[in-house]
Every structure is written in structure tokens, then in C-alpha cells.
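The values are calculated or read from the model by the stated rules, or taken from the named source; none is laboratory data. What you see is a predicted model, and the numbers here were worked out from it, not measured in a lab. Please note: Cβ atoms are built from the backbone with ideal geometry, for glycine as well, and neighbour counts cover all protein chains shown.
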């Protein structure tokens, strides 16, 4: 069971001046509390992908790319009309948190309260961010080539 600590000094700044606009594309990174390595099994990762699919079906987002690392999530999506960025992340974290606890038969699981968001301003920025995410498992020493890592999804053909 994780020990809950006060937020890191300055983490409140992550929410200050957060821009949330329908139609914009965002790059989000969110981590498991205390960097717990929760996403090691396909069935746990699938909970995240299923939740992203649900958010798309509800027309809250259009997901372009998602990478689930053992202790964090990178996701690139267009925010649609129905929810703010914070509301989308609250839905994603709340639902996945509940399902992960059920799947792993644990009583405590939490995402870190905050998340990092970056507004993507152009196609070049989008390509660079997806490339950064795709190579994350290589930089972490988990695989030799990005396409060998199993826990990612993309709307784009990235050499699959």
C-alpha cells in the first residue's frame, strides 16, 4: 500500500493557467503514484486502452497516440466539445484506477494528482512528440527498437 505524501513543492503550478480548448491537440503525461510499476501485464494496460476507446466513443477526445510505460502514460489527443482537459483526465484516471484495483486485486492504486499538458501547435510538433514517446521504451532500456514495445497505439502508420 503506497504512503501518501504532500504534493511536491510547485506541483500546484502544473494547474495554474491551464489552457483547455475544444479542437486543440494536447500531449499529456501522467504518472502512477510514487512511480509504482503497475503497467507490466497486458490485461492492466488494456484497461487504459479501453478507457481511451470509451472517451473517444463518448466524443470527449480523438486519440492520436498513446504509450503506456510501466509507471506512466503518454497520450496525444484532440480535445472535443464535451469536456475540459481536466475533466477528461479525471474521467480517465478515476475509471482506470477503479478497474486496475479490481484487476490486480489490490485495495490501493492511485495516479499522481497532477498531470503535465502541452498544447501541440503544428504538425511538426505532433511528429516530434510522437517520436519522443515512441522512443521512450528504447531510452528506458526495455526494448532495442520502438516497434518491439507492445503497449502503445496510434492512429498513424508508424511502420507497423
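What to note about this one:
- Set 38, 25, 48, 8: member being at pLDDT below 75 and either crowded, with 16+ Cβ neighbours inside 10 Å or more than 12 Å from the chain's Cα centre (by Cα) (or both): 8
- Residue within segment 64-72 that is surrounded by fewer than 20 Cβ atoms within 10 Å (Cβ to Cβ), over 22 Å from residue 137 (Cα atoms) and touching a helix residue (DSSP H, G or I) at 6+ places or on another chain (Cβ under 9 Å) present: no
- Meets criteria (part of a loop (DSSP other than H, G, I, E, B), modelled with pLDDT under 95 and surrounded by 14 or more Cβ atoms within 10 Å (Cβ to Cβ)) for residue 101: no
- Residue 73, sole failed condition from (1) modelled with pLDDT under 95; (2) part of a strand (DSSP E or B): (1)
- Selection of first residues in segment 92-103 that are over 19 Å from residue 56 (Cβ atoms) and of second residues that are surrounded by fewer than 18 Cβ atoms within 10 Å (Cβ to Cβ) and modelled with pLDDT under 95, restricted to Cβ pairs under 7 Å at least 6 apart or on distinct chains, gives the following pairs, ordered by first then second residue: 97/110; 101/107.
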